[in-house]
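The values are calculated or read from the model by the stated rules, or taken from the named source; none is laboratory data. If you're wondering where the values come from, they're calculated on a predicted model, not measured in any experiment. Methodologically, a virtual Cβ is constructed for each residue, glycine included, from the backbone with ideal geometry; neighbour enumeration extends over all protein chains shown.
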Amino acid sequence: MQCPVKKTPMLVLELEGVEIDYCTSCGGIWLDAGELALLLGNEEAGRDLLDSLQPAHKASRKLRCPVCGKRMKPVSAGGITIDRCPHGHGIWFDRGELADIIRHGSLDPQHRVATFLENMFQEG
Ligand SMILES: [Zn+2]
Ligand SMILES: [Zn+2]
């Protein structure tokens with residue numbers, strides 16, 4: 001899969017069986033539909049987060065979904081704006097945005113995901 005920003009191949013990382021596409025160039029993360037809930041280890045929390053996303057108005061960077069190539073739509077949760085495929089293929093997080101959203105929503109009480117992300121960025 002290609003990074004929607006840099007158009008370079010992303011690395012596939014694994015956290016407890018969940019595959020995460022990570023761009024070493026820009027630090028962005030792509031999560032396929034459903035991977036967010038798996039990552040959080042809590043289907044309800046994942047669904048609640050997706051339901052809480054509101055359409056956002058951000059200067060469009062014309063990012064395209066790495067799965068279908070359609071223009072992604074900016075959406076926001078708690079003031080953090082992310083890009084989502086209009087066909088529901090997944091969500092693009094710029095560097096740090098996934099950690100911010102998880103922290104904002106208190107979705108990671110054991111800091112499992114946060115620790116993983118920190119280690120990942122240190123290596124990258
Ligand atoms: Zn990138
Ligand atoms: Zn798509």
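I'd like the full set of residues that are part of a helix (DSSP H, G or I) and small (Gly, Ala, Ser), limited to region 93-118. Scanning region 93-118 gives Ala99, Ala114. Just wondering, is there one or more residues in region 28-35 that are away from ligand 1 (no atom under 16 Å from the Cβ), without any contact (Cβ under 8 Å) to a residue 24 or more places away in the chain and on the phi < 0 side of the Ramachandran plot? The answer is no; no qualifying residue exists.
Remark: Ile80 falls outside the filter, which requires a residue to be within 24 Å of Leu13 (Cα to Cα), touching a Phe, Trp or Tyr at 6+ places or on another chain (Cβ under 8 Å) and modelled with pLDDT of 85 or more. The conditions of being within 25 Å of Lys7 (Cβ to Cβ), in contact with a strand residue (DSSP E or B) (Cβ under 7 Å, 6 or more places away or on another chain), outside any helix (DSSP H, G or I) and modelled with pLDDT of 95 or more are not met by Val75.
Given the options Arg47, Arg71, name the one that is more than 16 Å from ligand 2 (Cβ to nearest atom) and surrounded by fewer than 17 Cβ atoms within 10 Å (Cβ to Cβ).
Arg47
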